[in-house]
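Visitor: Quick one: the structure is below, and I'll ask about it shortly.
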Amino acid sequence: MKLELHRLKVNSLKFGEKTGFADGVLTVNKAEILALISEDPLLGKNLDVDIAMPGESVRVMPVKDVIEPRWKLSGKGQVFPGMISDVETVGEGQTLVLSGCAVLTAGKLVRFQEGIIDMSGPGADYTPYSKTCNVVLVLEPSDPNMDKHDYEKACRIAGLKTAAYLAKSCADVKADTVETFELPTMREAMTQFPELPKVGYIYMLQTQGLLHDTYLYGVDVKKILPTIISPLEVMDGAIVSGNCVSACDKNSTYSHLNNPVIADMLKRHGKDFNFVATIVTNENVTLADKKRSSSYAAKLAGMLGLDGVVITEEGFGNPDADLIMNCRKCEQLGIKTALLTDEYAGQDGASQSLADSCPEGTACVTAGNANEVITLPPMSKVIGYPEEANVIAGGWQGSLADDGSITVELQAITGATSELGYTKLGAYTL
Amino acid sequence: MAFRIVHYINQFYAGIGGEEKADYEPEIREAVVGPGMALKAAFKGEAEIVATVICGDSHFASNMDDDTAKILGMIREYKPDAFIAGPAFNAGRYGTACGAMCAAVAKEFGIPVISGMYPENPGVEMFRKYAWIIETPDSAAGMRKAVPAMAKLALKLLKGETLGKPSEEGYIERGIRKNMFYGKLAAQRCVDMFVSKLKGETFETEYPMPVFDRVDPQPAVKDMKHAVIALVTSGGICPKGNPDHIEASSASKFGEYDITGVNDLTSETHCTAHGGYDATYADQDADRVLPVDVLRDLEREGVIGKLHNKFYTTVGNGTSVANAKRFGAEIVNRLVNDGVTAVILTST
């Protein structure tokens, strides 16, 4: 399986007549995007498209998803299969990537669970998406009483369509850089690097209902048994986010496309270990589901003869139980684990950070304490609805001050404690 | 201007006497006494000891509450910027007194509190959460090492500088998690640690797995016919509109709501404040999380004595264990006072 990522580096955004790319500038035809997303009868009449650039005094909130524009230039299928394109296996051929650019879906809240992105100031240090040139969709439902699952889906699809549209519109431009990934079949992989340990990645996906769901080729992941996926399929958008509750540690579609654990494991493949398999699994709410999925994921790792796995969690609290089951069951099979999670240690940091634990979890990296409080100073411009700060997860009544500043826990900031490890934040014990 | 320090020592280090003088009553002197001389030297003029509290170890141990209150009163007028106690090395009663005074001063005045103890001093386990305790050798022979470290840490805290890890600064771990930006992405740190573990090399986990309080379930209720049953939930069910603004995550409070005469929760009357699960179905019918309707049926059928006329609710999502413990203790008190004999706890 071979995939080329053809990257165009976006340094600036502007609205203009024709959507396209030249000299680092992505020009965006606003009317075309509005026409594209207005096709959906579930979305209302007052839709808008805005721009948020790094360093600007701009706050976007509430944010649902972040998506990197990609478009397949060749190879089977198209990006975001099963969502906005046919259900064809992706991960081969050439895919155009608008690097440094993102589509944000924002606007009327689905429920009090979306996140905040500041493009400058102290909040900007915590979110990876203050460094991207952002095309912001400001959305609303056509009917205020619409079923929330329907509205969430409409927002999700609008973001994916826009991301694909932007990249497709630049398909005629020659890439600045081309990155090539070539991965062998499982049969070949198993015989490569016989002197190195065989390892895998257990990729946990949040699957707990509205604003907690993830999609694999369009399938609601809570309905799958753990399965094997190629990292190259992930890069083509086989995994799509439908979640953002406590936005700090929910994996945006952008972070799936750029999964830094996969990136690092591919980089060290053949040197420190033989990276042979990525196993996706879910985090369902019932105990039976948790037991089934963790047993099945560990079983796959065992059947593949893996010596070790990296396990990333998505979310906190309830999914801590899934993380610990995956860890314990792998270790019991003799498969060494390293865990990537985040912490809810209280605003003062004095409480225990996880809701479950096991002695086998000896190697644990955390992306920080999401309860830590931050004050975000007022911004000159807010895209969206700042008053939601008083009700979103991580905020409280009074989070939004009269001067426009917002005092919240880090959990309200999109991607702040990413459990795919997409930030440099961590914690230590005083 | 130099920072103002109040120093606490026992009768022995004040030169008053040993065990025979251990019932010495607390006093305060506007002077630098005993190990205070070494502290003073270590401060190099950046801080000054404005007063020294002296108290016998046995006296403090026997009159902990009274002596604590008395000493707080003595300290107040000196308006200290920081409080230093000891070092106590491995002296158990002295360490406990140092720790207790540090905790009391921190709570009362909100200033940095520093002590020094040998890790096995019982004062460490009791008070490390509340004080910065420099790790010292087990006897006064370690004074020369302990005092400069305590002074250095005190000055750092007074200047508001960021403290490093316990191993870097020499203090005993307090168990408080603090965020910092590392040089590498968390993903890279995790793969690094993974490789170390695979190779059998030593590595330091970023978060040692916690050990939990386990609560054994209570025995079953024998006499259901006379039981007064209350409903308590962490699922966030509250009157529609969430009148007390219970947070969607990281709750700082719980709610108490009357359900006298309420037979059924509906989408018109109740909803959930919880931000951590798909709330659609709880909002449609809150009985799904807080089963008032079923309990009323059981009440009518005589299966239970009665349903308590109040329910208690909070949001479990992202809520710290410390807050949860506090809510639990307070709710239990109210339930017991109201004569409730059994509780059904529902989550989400």
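The values are calculated or read from the model by the stated rules, or taken from the named source; none is laboratory data. Note that the structure is a prediction, hence the values are computed from the model and not measured. Glycine gets a Cβ as well: all are built from the backbone with ideal geometry, and neighbour counts include every protein chain shown. Ligands, DNA and RNA are stripped out before the accessible areas are found, and what is left, the full protein with its side chains, is counted by its heavy atoms. Shrake-Rupley method; radii C 1.70, N 1.55, O 1.52, S 1.80 Å.
Visitor: Might you let me know whether the stretch A:376-387 holds any residue that is hydroxyl-bearing (Ser, Thr, Tyr), more than 11 Å from chain B (Cβ to nearest Cβ) and under 25 Å from the mean Cα position of the chain (by Cα)?
Guide: Yes; the residues of the stretch A:376-387 include at least one that is hydroxyl-bearing (Ser, Thr, Tyr), more than 11 Å from chain B (Cβ to nearest Cβ) and under 25 Å from the mean Cα position of the chain (by Cα).
Visitor: If you don't mind, there's one more thing I want to ask. Out of (1) among the polar types (S, T, N, Q); (2) within 14 Å of another protein chain (Cβ to nearest Cβ); (3) more than 24 Å from A:Ile392 (Cα to Cα), the odd one out for A:Thr177 is which?
Guide: (2)
Visitor: Something else: Working only within the stretch A:135-174, note down all residues that are of a type in the set (Asp, Glu), touching a strand residue (DSSP E or B) at 6+ places or on another chain (Cβ under 7 Å) and either more than 14 Å from chain B (Cβ to nearest Cβ) or part of a loop (DSSP other than H, G, I, E, B) (or both).
Guide: A:Glu140
Visitor: Of all the helices (runs of 4 or more DSSP H) wholly in the stretch B:25-78, which have at least 2 residues that are within 28 Å of the chain's Cα centre (by Cα), on the phi < 0 side of the Ramachandran plot and crowded, with 18+ Cβ neighbours inside 10 Å?
Guide: Passing ranges, in order: B:57-62, B:64-76.
Visitor: Just a yes or no: is a residue in the stretch B:167-184 touching a Lys or Arg at 6+ places or on another chain (Cβ under 9 Å), open to solvent by 40 Å² or more (accessible area, probe 1.4 Å), polar (S, T, N, Q) and over 24 Å from A:Asp356 (Cα atoms)?
Guide: No: zero hits.
Visitor: Spot the failing condition for A:Asp150; the list is (1) acidic (Asp, Glu); (2) within 25 Å of B:Ser250 (Cα to Cα); (3) at pLDDT below 95, and only one is missed.
Guide: That leaves (2) as the condition not met.
Visitor: Within the stretch A:154-162, does at least one residue satisfy the condition of being hydrophobic (A, V, I, L, M, F, W, C), more than 30 Å from A:Gly404 (Cβ to Cβ) and either at pLDDT 95 or above or open to solvent by less than 10 Å² (accessible area, probe 1.4 Å) (or both)?
Guide: Yes.
Visitor: Can you tell me which residue among A:Ile392, A:Ile406 is under 30 Å from A:Leu139 (Cα atoms), more than 9 Å from every other protein chain (Cβ to nearest Cβ) and crowded, with 18+ Cβ neighbours inside 10 Å?
Guide: Selected residue: A:Ile406, the only one of A:Ile392, A:Ile406 that is under 30 Å from A:Leu139 (Cα atoms), more than 9 Å from every other protein chain (Cβ to nearest Cβ) and crowded, with 18+ Cβ neighbours inside 10 Å.
Visitor: Can you pull out every residue in the stretch B:233-260 that is outside any loop (DSSP other than H, G, I, E, B), exposed (fewer than 14 other Cβ atoms within 10 Å of the Cβ) and out of contact with any helix residue (DSSP H, G or I) (no Cβ under 9 Å at 6 or more places or on another chain)?
Guide: B:Asp258
Visitor: Taking the condition of being in contact with a strand residue (DSSP E or B) (Cβ under 8 Å, 6 or more places away or on another chain) and closer than 24 Å to B:Gly92 by Cα, how many residues in the stretch B:140-175 meet it?
Guide: Number satisfying all stated conditions: 17.
Visitor: Considering the stretch A:397-430 alone, what residues qualify as being within 15 Å of A:Asp125 (Cβ to Cβ) and without any contact (Cβ under 8 Å) to a residue 12 or more places away in the chain?
Guide: Hit for the stretch A:397-430 is A:Lys424, nothing else.
Visitor: Testing A:Met190 on (1) closer than 30 Å to A:Leu333 by Cβ; (2) hydrophobic (A, V, I, L, M, F, W, C); (3) part of a loop (DSSP other than H, G, I, E, B), one condition comes back false. Which one is that?
Guide: So the condition that A:Met190 fails would be (3).
Visitor: Please work out which one of (1) in a loop (DSSP other than H, G, I, E, B); (2) open to solvent by less than 10 Å² (accessible area, probe 1.4 Å); (3) facing chain B (nearest Cβ under 7 Å) is the condition A:Ser357 fails and give its number.
Guide: Going through (1) in a loop (DSSP other than H, G, I, E, B); (2) open to solvent by less than 10 Å² (accessible area, probe 1.4 Å); (3) facing chain B (nearest Cβ under 7 Å) one by one, A:Ser357 breaks only (2).
Visitor: Please go through the stretch B:101-111 and pick out each residue that is surrounded by fewer than 24 Cβ atoms within 10 Å (Cβ to Cβ) and either part of a helix (DSSP H, G or I) or on the phi < 0 side of the Ramachandran plot (or both).
Guide: If the condition is that a residue be surrounded by fewer than 24 Cβ atoms within 10 Å (Cβ to Cβ) and either part of a helix (DSSP H, G or I) or on the phi < 0 side of the Ramachandran plot (or both), then B:Ala103, B:Ala104, B:Ala106, B:Lys107, B:Glu108, B:Phe109, B:Ile111 are the ones that fit.
Visitor: Tell me, please, whether a residue that is within 23 Å of the chain's Cα centre (by Cα), part of a loop (DSSP other than H, G, I, E, B) and among the aromatic types (Phe, Trp, Tyr) can be found in the stretch B:200-213.
Guide: The answer is yes; a qualifying residue exists.
Visitor: Turning to a different aspect of this structure: Has the stretch A:362-375 got any residue that is closer than 23 Å to B:Arg174 by Cβ, open to solvent by 10 Å² or more (accessible area, probe 1.4 Å) and touching a residue at least 60 places away in the same chain (Cβ under 8 Å)?
Guide: Yes, some residue in the stretch A:362-375 is closer than 23 Å to B:Arg174 by Cβ, open to solvent by 10 Å² or more (accessible area, probe 1.4 Å) and touching a residue at least 60 places away in the same chain (Cβ under 8 Å).
Visitor: What's the number of the condition A:Lys267 fails, among (1) of a type outside the set (Val, Ile, Thr); (2) within 14 Å of chain B (Cβ to nearest Cβ); (3) farther than 25 Å from B:Ala248 by Cα; (4) in contact with a Phe, Trp or Tyr (Cβ under 7 Å, 6 or more places away or on another chain)?
Guide: (4)
Visitor: Another question about this same structure. Check off (1) touching a residue at least 12 places away in the same chain (Cβ under 8 Å); (2) under 19 Å from B:Ala186 (Cβ atoms); (3) facing chain B (nearest Cβ under 10 Å) for A:Val245 and give me the number that stays unchecked.
Guide: Going through the list (1) touching a residue at least 12 places away in the same chain (Cβ under 8 Å); (2) under 19 Å from B:Ala186 (Cβ atoms); (3) facing chain B (nearest Cβ under 10 Å), A:Val245 breaks only (2).
Visitor: Of the residues that make up the stretch A:331-347, is at least one open to solvent by 20 Å² or more (accessible area, probe 1.4 Å), under 25 Å from B:Thr319 (Cα atoms) and within 26 Å of the chain's Cα centre (by Cα)?
Guide: yes
One line per residue, one yes/no per condition, for (1) within 13 Å of another protein chain (Cβ to nearest Cβ); (2) free of Cβ contacts under 8 Å to residues at least 60 places away in the same chain; (3) assigned to a strand (DSSP E or B); (4) open to solvent by 70 Å² or more (accessible area, probe 1.4 Å):
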residue	(1), (2), (3), (4)
B:Thr162	yes, yes, no, yes
B:Gln188	yes, yes, no, no
B:Phe194	yes, yes, no, no
B:Val215	no, yes, no, yes
B:Leu231	no, no, yes, no
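Visitor: For the stretch A:297-327, name all the residues that are within 11 Å of another protein chain (Cβ to nearest Cβ), of a type in the set (D, E, K, R) and open to solvent by 40 Å² or more (accessible area, probe 1.4 Å).
Guide: A:Asp307
Visitor: So, of the residues in the stretch A:193-216 that are more than 14 Å from chain B (Cβ to nearest Cβ) and part of a strand (DSSP E or B), which turns out to be surrounded by the most Cβ atoms within 10 Å (Cβ to Cβ)?
Guide: Going through the qualifying residues, I end up with A:Leu205.
Visitor: Looking at (1) more than 23 Å from A:Gln347 (Cα to Cα); (2) modelled with pLDDT under 95, which is the only condition B:His274 fails?
Guide: (1)
Visitor: B:Ala324 versus (1) surrounded by fewer than 16 Cβ atoms within 10 Å (Cβ to Cβ); (2) farther than 21 Å from B:Thr260 by Cβ; (3) not charged (D, E, K, R): which is the lone unmet condition?
Guide: Against the list (1) surrounded by fewer than 16 Cβ atoms within 10 Å (Cβ to Cβ); (2) farther than 21 Å from B:Thr260 by Cβ; (3) not charged (D, E, K, R), B:Ala324 comes up short only on (1).
Visitor: Search the stretch A:81-134 for residues being without any contact (Cβ under 8 Å) to a residue 40 or more places away in the chain and in a loop (DSSP other than H, G, I, E, B), and hand back the single one that is surrounded by the most Cβ atoms within 10 Å (Cβ to Cβ).
Guide: Per the stated criteria, the residue is A:Glu88.
Visitor: Test of understanding: among B:Glu256, B:Glu247, which residue is more than 24 Å from A:Gly115 (Cα to Cα), in contact (Cβ under 8 Å) with a residue 24 or more places away in the chain and in the same structural domain as B:Thr269 (by TED's automatic domain parsing)?
Guide: B:Glu256
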